[in-house]
Amino acid sequence: MFTEFAQYVLNGLVLGALVALPALGLTLIFSVQGFVNFSVAAQMTVGAYAAWFAGAHLGWSPVVMLLFAFVVPGMLGIATDRLALAPIRRQSGAHTALMLAVVSIALNLAIENALRFLFGSDLNSFDLPIERNLQVWGLSVGPQQLRNLVTALVIAVALAAFFSLTRWGKAMRAVADNTDLARLKGIEPRNLSNLATFIGMGLAGIGGSLLAIDTSVDPSTGSRLILIIFAASVLGGLTSLYGAVLGALIIGVAGEVAMIAMPPVYQSLTAFLAILFILLVKPTGLFAGTAGVRK
Amino acid sequence: MTSYLLFIGTIAAIYALLSLGLVVSWGQAGMVNLGLVGFFGLGAYCSTLLTKFGAPIGLGWVAGAALAAAIGVGFCLLTRTLRGDYLAIVTLGFGEGLRLVELNERWLTGGSDGISGIRAPFKDALGELYPWFYFALAWILVALVVWVLSRALSSPFGRALRAVRDDEKVAAVAGKDVLRLKCQAFGIGAALFGLAGGLYAHFTSYISPDNFAVQLTIYIFLAVTAGGYSRLVGAVFGSLAVMTILESSRFAAEFIPGLSAVQIASLREFALAVALIVIMQLRPQGVFGLRNERAGSFDADTATSAAVVPVPSK
């Protein structure tokens with residue numbers, strides 16, 4: 001019984017580590033630009049296809065493949081941001097943030113369908129050799145899942161270093177923490193928005209490619225996870241980067257543990273229920289201050 | 001050909017009802033409902049299941065609308081102290097979550113097979129005339145809703161809603177019950193989505209979770225934006241325009257050689273998504289722009305939402 005429970009928790013952590021990357025991306029973009037960019041989901045799929053193309057077609061090594069899966073959605077993210085979202089940001093009306101959210105959903109649909117046009121609706125797998133699961137203390141975990149976990153961890157550490165050591169990283173944290181104060185200190189949030197978009201979408205792309213390596217990729221790979229990503233981000237308070245990681249781990253574990261009582265297809269529903277629960281109990285999210293949530 | 005035109009004409013009327021609902025909650029009161037397809041599906045399944053167990057179809061429609069309205073008001077109350085984004089996220093989650101339930105509770109909804117053989121009103125009695133009857137019924141309903149809403153929105157209630165949309169704090173200071181107004185507007189919107197769902201289910205006599213995917217939300221947002229997002233006439237015009245684009249692109253795609261069915265479908269959806277983005281950029285006020293609805297010199301378009309910078313008085 002205990003082993004079974006521990007197995008669910010372990011699976012949850014593996015899933016949570018994957019979801020943490022796009023959730024970080026979403027949170028980063030929200031912090032700097034002030035709106036929920038729903039197109040992270042489609043950018044996950046872009047990253048997954050980039051990795052699939054680099055790995056299964058061109059035969060690149062895994063590290064270069066992941067780098068490719070970071071850069072392609074990052075660049076595409078900046079391009080779509082410039083083309084689709086920036087002109088609407090400039091209107092700066094009373095409901096710009098919501099307009100941007102609506103447009104980003106349309107953008108998500110557009111990217112998803114562009115991928116479907118190019119690659120078709122079929123599932124594409126990476127054709128990796130099948131490996132035996134590792135068994136430790138009665139727990140079972142796939143080698144690829146372990147590698148994903150480690151990759152996500154390495155990226156999280158690299159990000160933490162970027163945000164605490166570099167000038168750009170500190171500026172971004174300042175903007176996320178208090179936009180007005182950052183502007184007073186001479187940081188122009190608009191200049192940071194391209195960098196935030198690049199890193200955010202790139203993170204989503206890596207998350208998507210890790211997921212695809214473990215399972216497979218089709219045009220809806222990212223969109224299926226949209227609720228889980230948002231739940232993770234909302235759980236963390238939408239502006240807290242550490243909150244997003246913890247939120248993703250919590251959602252991952254909660255979703256897996258809930259499978260004891262619920263069929264696995266309802267994993268997204270647990271995420272939705274988690275959002276409702278958080279809004280009822282602690283509307284500001286678990287890890288952030290009150291700024292930016294209350295109207 | 002006539003039956004095809006009647007079919008898409010009726011569907012256009014259902015889109016118009018959805019668009020009218022969005023105009024009330026989004027255009028007039030400023031609340032985004034990203035899960036409108038969820039309320040639409042709720043109305044459809046509620047009415048279908050009720051009539052399956054012998055309830056009259058009219059009762060099914062009312063029940064579907066009432067259930068959708070109740071849930072809409074519930075979400076409104078839940079997010080009452082939060083920024084608008086949260087209502088959008090919750091409704092989006094509701095739409096997706098409901099689709100999962102529709103897909104997986106096979107004992108109730110038939111899963112991905114859907115429910116077929118939904119009862120149609122007076123179908124046996126009318127025979128050949130039935131499509132004409134339903135077409136007329138749907139458009140009479142649209143006309144009725146437009147009439148009632150235009151009365152309501154030009155009354156003090158409508159002015160108060162627009163005040164809430166433009167600046168909640170000002171409306172509250174002026175003594176308006178902001179929460180109550182928001183709940184009413186969002187509830188009316190959700191009720192219309194639910195009603196449209198019931199109308200849809202008994203028209204096509206078949207529903208499945210595929211009918212209630214997120215694409216429909218985008219279509220309705222496109223319709224409302226194209227028509228002018230605060231205007232009732234714009235909603236009707238926009239849904240006719242979207243239906244025309246949707247159906248004509250079906251024929252246009254056949255002229256492009258060498259495309260598979262999947263590619264044609266994805267190209268059409270891509271085009272509609274891009275159309276929404278372009279319209280929002282170039283003409284956010286739509287074909288029918290804002291009409292003499294604002295009081296005083298306050299200009300909603302130049303005010304900043306975050307209330308970071310105070311709006312200078314003009």
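Below is a table of values for the structure above.
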item: Any hit, the range B:92-108, residues being crowded, with 22+ Cβ neighbours inside 10 Å, in contact (Cβ under 8 Å) with a residue 40 or more places away in the chain and out of contact with any helix residue (DSSP H, G or I) (no Cβ under 6 Å at 6 or more places or on another chain); result: yes
item: Selection status of B:ALA63, facing chain A (nearest Cβ under 7 Å) and in a helix (DSSP H, G or I); result: no
item: In the range B:76-113, the residues that are charged (D, E, K, R) and in a helix (DSSP H, G or I); result: B:ASP85, B:GLU96, B:ARG99, B:GLU102, B:ARG106, B:ASP113
item: Residue, nearest to A:PRO219 (Cα to Cα), within the range A:53-97, restricted to residues that are in contact (Cβ under 8 Å) with a residue 40 or more places away in the chain and within 14 Å of chain B (Cβ to nearest Cβ); result: A:THR80
item: Given (1) under 27 Å from A:LEU67 (Cα atoms); (2) touching a helix residue (DSSP H, G or I) at 6+ places or on another chain (Cβ under 6 Å), number of the condition A:GLY243 does not satisfy; result: (2)
item: Among (1) more than 23 Å from B:VAL146 (Cβ to Cβ); (2) assigned to a helix (DSSP H, G or I); (3) touching a residue at least 24 places away in the same chain (Cβ under 8 Å) - the single one B:LEU6 does not satisfy; result: (1)
item: Residues satisfying the stated conditions in the range B:30-60, i.e. at pLDDT below 90, in a helix (DSSP H, G or I) and not β-branched (Val, Ile, Thr); result: B:LYS52, B:GLY58
item: Residue count, the range B:114-161 (criterion: charged (D, E, K, R), over 30 Å from B:SER230 (Cβ atoms) and surrounded by 11 or more Cβ atoms within 10 Å (Cβ to Cβ)); result: 2
item: Pick from the range A:176-194, criterion in contact (Cβ under 8 Å) with a residue 60 or more places away in the chain and closer than 22 Å to A:PRO87 by Cβ, ranking: nearest to the other protein chains (Cβ to nearest Cβ); result: A:THR179
item: From B:ALA185, B:ALA196, residue being within 20 Å of B:ALA12 (Cβ to Cβ), of a type in the set (A, V, I, L, M) and within 17 Å of the chain's Cα centre (by Cα); result: B:ALA196
item: Test: residue in the range A:128-137 that is touching a residue at least 12 places away in the same chain (Cβ under 8 Å), touching a helix residue (DSSP H, G or I) at 6+ places or on another chain (Cβ under 7 Å) and part of a helix (DSSP H, G or I); result: no
item: Index of the failed condition, A:ALA106 passing every other in (1) closer than 16 Å to A:SER220 by Cα; (2) out of contact with any helix residue (DSSP H, G or I) (no Cβ under 7 Å at 6 or more places or on another chain); (3) assigned to a helix (DSSP H, G or I); result: (2)
item: All helices (runs of 4 or more DSSP H) inside the range A:185-295 with 3 or more residues being surrounded by fewer than 23 Cβ atoms within 10 Å (Cβ to Cβ); result: A:189-214, A:241-257, A:267-281
item: Any chance B:PHE270 is over 19 Å from B:ILE11 (Cβ atoms) and surrounded by fewer than 18 Cβ atoms within 10 Å (Cβ to Cβ); result: no
item: Selected residue (only one of A:PHE162, A:PHE117 is of a type in the set (A, V, I, L, M, F, W, C), in a helix (DSSP H, G or I), surrounded by 11 or more Cβ atoms within 10 Å (Cβ to Cβ) and within 14 Å of chain B (Cβ to nearest Cβ)); result: A:PHE117
item: Enumeration of residues in the range B:237-285 that are in a loop (DSSP other than H, G, I, E, B) and either closer than 21 Å to A:PHE119 by Cβ or more than 13 Å from chain A (Cβ to nearest Cβ) (or both); result: B:ILE256, B:PRO257, B:GLY258, B:LEU259, B:SER260
item: Qualifying positions in the range B:75-93 - under 23 Å from A:GLN267 (Cα atoms) and more than 7 Å from chain A (Cβ to nearest Cβ); result: B:PHE75, B:LEU87, B:THR91, B:LEU92
item: Residue in the range B:114-131 that is nearest to the other protein chains (Cβ to nearest Cβ), counting only those that are in contact with a helix residue (DSSP H, G or I) (Cβ under 6 Å, 6 or more places away or on another chain) and not in a loop (DSSP other than H, G, I, E, B); result: B:ILE115
item: Of the criteria (1) buried (at least 18 other Cβ atoms within 10 Å of the Cβ); (2) in contact (Cβ under 8 Å) with a residue 60 or more places away in the chain; (3) within 14 Å of chain B (Cβ to nearest Cβ), which one A:LEU123 fails; result: (1)
item: Pairs where the first residue, in the range A:98-112, is touching a residue at least 24 places away in the same chain (Cβ under 8 Å) and the second is of a type in the set (Phe, Trp, Tyr) and crowded, with 24+ Cβ neighbours inside 10 Å, C-beta under 6 Å, 6+ apart; result: A:SER104/A:PHE38; A:ILE105/A:PHE38; A:ASN108/A:PHE38
item: Selection within the range B:163-183 - more than 14 Å from B:VAL32 (Cα to Cα) and more than 11 Å from chain A (Cβ to nearest Cβ); result: B:ALA163, B:VAL170, B:ALA171, B:ALA172, B:VAL173, B:ALA174, B:GLY175, B:LYS176, B:ASP177, B:LEU179, B:ARG180, B:LEU181
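Conditions (1) without any contact (Cβ under 8 Å) to a residue 12 or more places away in the chain; (2) within 12 Å of chain B (Cβ to nearest Cβ), marked per residue:
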{"site": "A:THR239", "(1), (2)": "no, yes"}
{"site": "A:LEU249", "(1), (2)": "no, no"}
{"site": "A:ALA258", "(1), (2)": "no, no"}
{"site": "A:LYS282", "(1), (2)": "yes, yes"}
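The values are calculated or read from the model by the stated rules, or taken from the named source; none is laboratory data. These numbers were taken from a predicted model, which means no experiment stands behind them. Neighbour counts run over all protein chains shown; Cβ positions are idealised from the backbone, glycine included.
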